[in-house]
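Some notes on the structure that comes next.
The values are calculated or read from the model by the stated rules, or taken from the named source; none is laboratory data. Treat the numbers as computed from the prediction; the structure is a model and nothing was measured. Ideal geometry is used to build each Cβ from the backbone, glycine not excepted, and the neighbour counts take in all protein chains shown.
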């Protein structure tokens, strides 16, 4: 194998496929990046069995072939080269990859391409497309609410629901719930499946390389899902299990309704959070009254922080506390100038939405305090 390509193109391709390189491989081959040069195209693959990625870039191929090189070193070497082009050739008898650019010359050990588990397309039973911008927004508004620990795997993923001409993405860790909805131009069959949040975050970052108006083609099978856009193909396992009936968690009434400017609340919470980080449960307290919202946090070891912000309050006064991270996370993704907070009892779930928009819902459970 012998090919020459743009160093910039190769670095970007490595940035894409490296997301699927195993950091703790069950076998050495899973730490590698597979490359196949043929004609004017170089295909790159990585696969950790949870997620697989393929991307392609233009190259000048002198001698077609395929090779696997440890991803960590391959990526670092190419990224630090000074030349505009890179030549990679393979001495198959010595199992050596020769990497040349400008005055630099590296030799890296290669692995057998026959042992590499090639990324395969799932057996599809349903195919649909979403605009890249729509898919990215669905992920941005919800995936942060997934659980990080695999106590129950179903909570480490986002539920994607298709019904008619609508699509919904839902995430929960049992302490909070985020729902984002959008619409299609055409009718689709009813489908529900759960995608690992890790997969979605990697997809979110890859979409940065794409034109937001482009479409992402999504193919589903019983156990796997794949995403195709631009020169990228990504496949991932789905999470088995029944996603909980999340709609039952959404409060149907509200004794207190607060309308508040998002930026003002974010700035106040961010400052008070300096003290809340030193508390046992990262707790921040909100007192809603007709005068506005009092935000505070107390730490016996550090001290106290308190701020008062303006808000339009309808209904009874209420004193309520939250994990500050759960409030900061939602304020970061709200796109409207104001948000509406609906409350009931001090320990009842709270509903937070963008003003005059119903396609995004965030429900958070308060923290019990002394």
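Yes or no, residue by residue, for (1) surrounded by fewer than 23 Cβ atoms within 10 Å (Cβ to Cβ); (2) more than 21 Å from residue 223 (Cβ to Cβ); (3) modelled with pLDDT of 95 or more; (4) out of contact with any helix residue (DSSP H, G or I) (no Cβ under 7 Å at 6 or more places or on another chain):
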{"position": "144", "(1), (2), (3), (4)": "yes, yes, yes, no"}
{"position": "151", "(1), (2), (3), (4)": "yes, yes, no, yes"}
{"position": "160", "(1), (2), (3), (4)": "no, no, yes, yes"}
{"position": "164", "(1), (2), (3), (4)": "yes, yes, no, yes"}
{"position": "168", "(1), (2), (3), (4)": "yes, yes, yes, yes"}
{"position": "174", "(1), (2), (3), (4)": "yes, yes, no, no"}
{"position": "177", "(1), (2), (3), (4)": "no, yes, yes, no"}
{"position": "181", "(1), (2), (3), (4)": "yes, yes, yes, yes"}
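Residues to consider are 207, 239; find the one that is on the phi < 0 side of the Ramachandran plot, out of contact with any strand residue (DSSP E or B) (no Cβ under 7 Å at 6 or more places or on another chain), in contact (Cβ under 8 Å) with a residue 24 or more places away in the chain and crowded, with 17+ Cβ neighbours inside 10 Å.
Numbers: 239 fails: out of contact with any strand residue (DSSP E or B) (no Cβ under 7 Å at 6 or more places or on another chain).
Only one candidate qualifies: 207.
Where in the range 176-237 are there strands (runs of 3 or more DSSP E), lying fully within it, with 3 or more residues that are within 16 Å of the chain's Cα centre (by Cα)?
176-196, 224-229, 232-237
Can you say whether residue 88 is buried (at least 21 other Cβ atoms within 10 Å of the Cβ) and touching a residue at least 60 places away in the same chain (Cβ under 8 Å), as far as the supplied structure shows?
yes
Test residue 337 against the stated conditions and say whether it is assigned by TED's automatic domain parsing to the domain that holds residue 256, modelled with pLDDT of 95 or more, out of contact with any strand residue (DSSP E or B) (no Cβ under 6 Å at 6 or more places or on another chain) and surrounded by fewer than 16 Cβ atoms within 10 Å (Cβ to Cβ). Even if it seems obvious, please write down each step before you answer.
Numbers: assigned by TED's automatic domain parsing to the domain that holds residue 256: yes; modelled with pLDDT of 95 or more: yes; out of contact with any strand residue (DSSP E or B) (no Cβ under 6 Å at 6 or more places or on another chain): yes; surrounded by fewer than 16 Cβ atoms within 10 Å (Cβ to Cβ): yes.
Taking the combined requirement at face value, the residue satisfies it.
Might you let me know whether the range 68-76 holds any residue that is closer than 30 Å to residue 221 by Cβ, outside the structural domain of residue 157 (by TED's automatic domain parsing), crowded, with 18+ Cβ neighbours inside 10 Å and at pLDDT 95 or above? First the steps, then the outcome.
Within the range 68-76, the subset closer than 30 Å to residue 221 by Cβ is 68, 71.
Now drop any that are not outside the structural domain of residue 157 (by TED's automatic domain parsing), which leaves 68, 71.
So of that shortlist, the ones also crowded, with 18+ Cβ neighbours inside 10 Å come out as 68, 71.
Cutting the leftovers down to at pLDDT 95 or above gives us 68.
Taking every residue of the range 68-76 in turn, at least one turns out to be closer than 30 Å to residue 221 by Cβ, outside the structural domain of residue 157 (by TED's automatic domain parsing), crowded, with 18+ Cβ neighbours inside 10 Å and at pLDDT 95 or above.
Residues in the range 277-317 that are outside any loop (DSSP other than H, G, I, E, B), farther than 22 Å from residue 343 by Cα, in contact with a strand residue (DSSP E or B) (Cβ under 9 Å, 6 or more places away or on another chain) and touching a residue at least 24 places away in the same chain (Cβ under 8 Å): how many?
Selection size over the range 277-317: 3.
Of all residues in the range 245-255, which are without any contact (Cβ under 8 Å) to a residue 60 or more places away in the chain and in a loop (DSSP other than H, G, I, E, B)? If you could, list the steps in order and put the result at the bottom.
Narrowing the range 245-255 to residues without any contact (Cβ under 8 Å) to a residue 60 or more places away in the chain: 245, 247-248, 252.
Hits for the range 245-255 are 245, 252.
Inside the range 329-353, can you point out the residues that are part of a loop (DSSP other than H, G, I, E, B) and farther than 16 Å from residue 312 by Cβ? Can you show your working first?
Of the residues in the range 329-353, the ones part of a loop (DSSP other than H, G, I, E, B) are 334-337, 344-349.
Those that are part of a loop (DSSP other than H, G, I, E, B) and farther than 16 Å from residue 312 by Cβ: 334, 335, 344, 345, 346, 347, 348, 349.
Being under 30 Å from residue 204 (Cα atoms) and either modelled with pLDDT under 95 or in contact with a strand residue (DSSP E or B) (Cβ under 8 Å, 6 or more places away or on another chain) (or both), is that true of even one residue in the range 89-104? Let's see the steps before the verdict.
Restricting attention to the range 89-104, the residues satisfying the condition of being under 30 Å from residue 204 (Cα atoms) are none.
No, because not a single residue in the range 89-104 is under 30 Å from residue 204 (Cα atoms) and either modelled with pLDDT under 95 or in contact with a strand residue (DSSP E or B) (Cβ under 8 Å, 6 or more places away or on another chain) (or both).
Do you know which of the residues in the range 100-116 that are in contact with a helix residue (DSSP H, G or I) (Cβ under 6 Å, 6 or more places away or on another chain) and within 15 Å of residue 36 (Cα to Cα) is surrounded by the most Cβ atoms within 10 Å (Cβ to Cβ)?
116
Could you tell me whether any residue of the range 256-276 is in contact with a strand residue (DSSP E or B) (Cβ under 9 Å, 6 or more places away or on another chain), surrounded by 14 or more Cβ atoms within 10 Å (Cβ to Cβ) and assigned to a loop (DSSP other than H, G, I, E, B)?
Checked the range 256-276: no residue is in contact with a strand residue (DSSP E or B) (Cβ under 9 Å, 6 or more places away or on another chain), surrounded by 14 or more Cβ atoms within 10 Å (Cβ to Cβ) and assigned to a loop (DSSP other than H, G, I, E, B).
Of everything in the range 19-50, what is in contact with a helix residue (DSSP H, G or I) (Cβ under 8 Å, 6 or more places away or on another chain) and either under 12 Å from residue 69 (Cβ atoms) or part of a strand (DSSP E or B) (or both)? Give them in sequence order.
21, 29, 31, 32, 33, 34, 36, 42, 44, 45, 46, 47
Being surrounded by fewer than 16 Cβ atoms within 10 Å (Cβ to Cβ), at pLDDT below 95 and assigned to a loop (DSSP other than H, G, I, E, B) is the requirement here; does residue 356 meet it? Reasoning before the result, please.
Values: surrounded by fewer than 16 Cβ atoms within 10 Å (Cβ to Cβ): yes; at pLDDT below 95: yes; assigned to a loop (DSSP other than H, G, I, E, B): yes.
Answer is yes for this residue.
Just one of 151, 167, 78 is more than 26 Å from residue 47 (Cβ to Cβ), over 16 Å from the mean Cα position of the chain (by Cα) and not in a strand (DSSP E or B); which is it? Quick ask: steps written out before the conclusion?
On the way: 167 fails: not in a strand (DSSP E or B); 78 fails: more than 26 Å from residue 47 (Cβ to Cβ).
Answer to the check: 151.
Restricting attention to the range 119-128, report how many residues are in a loop (DSSP other than H, G, I, E, B) and exposed (fewer than 13 other Cβ atoms within 10 Å of the Cβ).
Quick first cut of the range 119-128, residues in a loop (DSSP other than H, G, I, E, B) only: 119-125.
Pick out the ones that are also exposed (fewer than 13 other Cβ atoms within 10 Å of the Cβ) and you get 120, 123, 125.
Result for the range 119-128: 3.
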